[in-house]
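The values are calculated or read from the model by the stated rules, or taken from the named source; none is laboratory data. Here the structure is a predicted model, which means the values were calculated and not measured. As a convention, Cβ positions derive from the backbone with ideal geometry for all residues, glycine included, and neighbour counts pool all protein chains shown. Side chains are part of the model used for accessible areas, which takes the heavy atoms of the whole protein and leaves out ligands, DNA and RNA. Shrake-Rupley method; radii C 1.70, N 1.55, O 1.52, S 1.80 Å.
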Amino acid sequence: MKIKSYFQGLELMQTATPEFQVYFNDKTSNDFNTLFALIPLKKRYFAAGVPGSFQGRLFPRASLHIVNSSTALHWLSRVPKEVGDINSSAWNKGRIHYNNASNEVLQAYSAQYVMDMEAFLLARGHEIVCGGLMFILVPVIADGTLVSQTGLGLQADVSGSCFMEMAKMDIVDEAKMDSFNLPMYFTSPKQEKELVEKTGCFTIERLERLETVFPLASGAQIISNHTRALLEESIKQHFGFGDNDLDTLFDLYSKRLVDSLPIFIKSEDKSFQMFLVLKRNDVIMAI
């Protein structure tokens, strides 16, 4: 009788307070130890790390109920090959991004984003249970807007001009500079909705426009620090920079942002964060 009462009590506890398993995903090159050290000891969930690219499968079929992707999907799985090919019409000489570049460069970036986003949606479509939800926060630019009309474009242009200045100072090899491109693409609400509908795994339950992606008015130094945290390892690997070279680069970046910020603070920034809630359909897609 006591054993029966024990199990009845256990079942009641499980019904009243469900247990949650939370999986944190990042690439293998990032430091999971730092992440785990920051997780509160008295958390009310179980935590685990899952290394790997989110553009591919990470979990067993129908094993997830809720997925959250926050300000990550603008990162491409790789820089489009064409933009670094001297024999390609999309060769992006003298620039590090598609902002203010030729239409061929823009199309190469867009095509890479489409492939990556379709892979992401199809992978999550397999992993999320039917009726499960996915929350996405992604930086976008307004429909029909050029990235050069945004704070995102401003930062890319300022970054590129700093690398060119470093080349003039013989700190950066010009050929190395020409082969360096940022693996970032900023979609539009229209393109994002089309991709969700095309893959067919999800229905858009909610779509909202949130605050500006980068708070330009917060100051050049804050933006510079944020950018350095994001790009430092990529720059080190490509150019072989030490700390002194990085300090030179981002000091220059901060100064040039100071000169450029007033223009964008006074004008309307046409980039923003888009929040989507997607519900998993019954459709099973093949990967």
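Karplus-derived 3J(HN,Hα) values for the range 249-256, using 6.51 cos²θ - 1.76 cosθ + 1.60 with θ = phi - 60°, are 4, 7, 5, 5, 4, 4, 5, 6 Hz; glycine and proline are entered as x.
Between LEU35 and ASP282, the FRET efficiency estimated from the beta carbon spacing at R0 = 51 angstrom works out to 0.90.
Looking at the chain alone, DSSP beta bridges between its own residues are antiparallel in about 55 percent of cases. Per the Kirkwood treatment, what hydrodynamic radius in Å, one decimal, follows for the range 39-98 from the mean inverse distance over all distinct Cα pairs? By the Kirkwood definition, the hydrodynamic radius is 15.8 Å.
Note on surface exposure: ASP282, ASP245 rank ASP282, ASP245 by accessible area, highest first, 1.4 Å probe. Once both labels are positioned 7 Å from their Cα atoms along Cα-to-Cβ, the gap between VAL258 and ILE66 label points is 4.5 nm.
Rolling a 1.4 angstrom probe over the protein heavy atoms with all chains in place gives the chain an accessible area of 56 Å² per residue. One entry in (1) 126; (2) 300; (3) 165 is volume of the Cα convex hull per residue in Å³ calculated from the shown coordinates; its label is (3).
Listed peptides 135-144, 150-159, 112-121 appear in the order 150-159, 112-121, 135-144 once ranked by packing, highest mean of other Cβ atoms within 10 Å at the front. Modelled label positions at ASN225 and SER110, each set 7 Å beyond Cα in the direction of Cβ, lie 3.8 nm from each other.
When the Cα positions of LEU58, SER89, ALA108 are compared along the charge dipole of the range 57-118, LEU58 comes out farthest toward the positive end, with charges on each C-beta of Lys, Arg, Asp and Glu. Over 30 Å between C-alpha atoms is what I'm after, so list which of LYS27/LYS279; LYS27/LYS255; LYS93/LYS279; LYS43/LYS279; LYS93/LYS236; LYS93/LYS255 land there. In this structure, LYS27/LYS255; LYS93/LYS279 exceed 30 Å between Cα atoms.
By DSSP, the beta bridges lying fully in the range 58-192 are antiparallel in about 10 percent of cases.
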